[in-house]
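Enquirer: Next up is a structure, given as structure tokens.
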Amino acid sequence: MTAEHVVGRVLRAAADGRFPLDDGGWERVPPWRPGVEGVVALTGHAYLAVGDDVPAARLATLGADGIGGAHDPRLVAALAGTGQVDCLDAVLAAGGRGGPSGLVPRPDLDDHPRVAHARRFRTDVTAYGVPPDAGPGGDVHAVVSLGRGIGGLWELGLEVDAGGRRPGHAVWLASQVRRLVPVGEPVLASTAPGNTRALKVFLAAGFVPVASVQVWRPQR
């Protein structure tokens with residue numbers, strides 16, 4: 001059995017209410033996926049998942065710390081080089097509930113931009129949606145991606161376009177994703193802090209904030 005990545009262990013514990021010491025420090029850890037690096041910060045402690053080609057002294061010179069320095073845009077820009085940088089996100093977590101779920105695999109949504117974006121940063125990504133014959137929302141208005149993301153944990157992406165929005169639908173979708181994950185396994189959702197609509201959806205679906213994250217595909 002493959003050992004869980006240190007960031008995965010930390011976020012699993014945080015989802016259960018157990019956080020690292022808020023000592024203002026930071027730790028350097030290996031990337032959880034080849035070709036993807038990132039910074040994960042919790043209250044007063046941060047983790048920098050970067051390749052072996054970056055000396056620890058370089059990270060210190062760039063101002064890494066556990067009280068905001070790890071997310072300094074100059075640090076991220078220096079480490080990413082000319083590579084693709086994803087946005088700074090809040091990370092929320094919830095426990096899996098196990099099936100059955102109202103969502104089904106939707107290979108016809110594999111080319112959706114939300115799914116394509118997930119595959120650039122996550123592994124084992126599957127596109128889900130409501131059954132095509134389920135009436136309103138049973139088309140391309142709602143798409144969910146679920147794969148192995150931050151720290152190797154389950155991570156979801158969710159999008160409901162304007163044509164499919166109706167009261168409570170996004171909260172129902174987020175809740176149904178939890179049923180796709182085994183009981184006891186955490187599932188993460190990351191969203192820009194300014195995306196208050198998404199934050200309210202995940203909070204209403206039982207997710208709680210645990211960390212912040214920024215990932216990139218380095219080209220140094």
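The values are calculated or read from the model by the stated rules, or taken from the named source; none is laboratory data. The shown structure was predicted, so the numbers you read here are calculated from the model rather than taken from an experiment. Don't worry about glycine lacking a Cβ; one is built from the backbone with ideal geometry, like all the others, and counts go over all protein chains shown.
Enquirer: Residues being within 13 Å of the chain's Cα centre (by Cα), closer than 17 Å to PHE202 by Cα and of a type in the set (Gly, Ala, Ser): count how many of those fall in the stretch 83-124.
Expert: Residues that pass the stated criteria total 3.
Enquirer: Now a separate question. I need every pair where a residue in the stretch 98-119 that is free of Cβ contacts under 8 Å to residues at least 60 places away in the same chain has its Cβ under 9 Å from the Cβ of a residue that is outside any loop (DSSP other than H, G, I, E, B) and surrounded by fewer than 14 Cβ atoms within 10 Å (Cβ to Cβ), sequence separation at least 6 or different chains.
Expert: Correct list of pairs: ASP110/ALA116.
Enquirer: I'd like the full set of residues that are touching a strand residue (DSSP E or B) at 6+ places or on another chain (Cβ under 8 Å), hydrophobic (A, V, I, L, M, F, W, C) and surrounded by fewer than 21 Cβ atoms within 10 Å (Cβ to Cβ), limited to the stretch 168-197.
Expert: Across the stretch 168-197, the qualifying residues are VAL183, ALA192.
Enquirer: Counting just the residues of the stretch 79-117 that are part of a helix (DSSP H, G or I) and charged (D, E, K, R), which one comes out surrounded by the fewest Cβ atoms within 10 Å (Cβ to Cβ)?
Expert: Looking at the filtered set, the residue picked out is ASP108.
Enquirer: Taking the stretch 129-153 as the region of interest, how many residues are at pLDDT 95 or above and surrounded by 23 or more Cβ atoms within 10 Å (Cβ to Cβ)?
Expert: 7
Enquirer: Shifting gears a bit: Considering only residues that are out of contact with any helix residue (DSSP H, G or I) (no Cβ under 6 Å at 6 or more places or on another chain) and part of a loop (DSSP other than H, G, I, E, B), look in the stretch 194-220 and name the one that is farthest from ASP72 (Cα to Cα).
Expert: So, considering only residues that are out of contact with any helix residue (DSSP H, G or I) (no Cβ under 6 Å at 6 or more places or on another chain) and part of a loop (DSSP other than H, G, I, E, B), the one farthest from ASP72 (Cα to Cα) is GLY206.
Enquirer: Which one is farthest from the chain's Cα centre (by Cα) among residues in the stretch 204-220 that are of a type in the set (A, V, I, L, M, F, W, C) and surrounded by 15 or more Cβ atoms within 10 Å (Cβ to Cβ)?
Expert: ALA205
Enquirer: To continue, here is another question. Taking the stretch 59-78 as the search range and keeping residues that are touching a Phe, Trp or Tyr at 6+ places or on another chain (Cβ under 7 Å) and not in a loop (DSSP other than H, G, I, E, B), which one is farthest from ARG33 (Cα to Cα)?
Expert: Looking at the filtered set, the residue picked out is ALA70.
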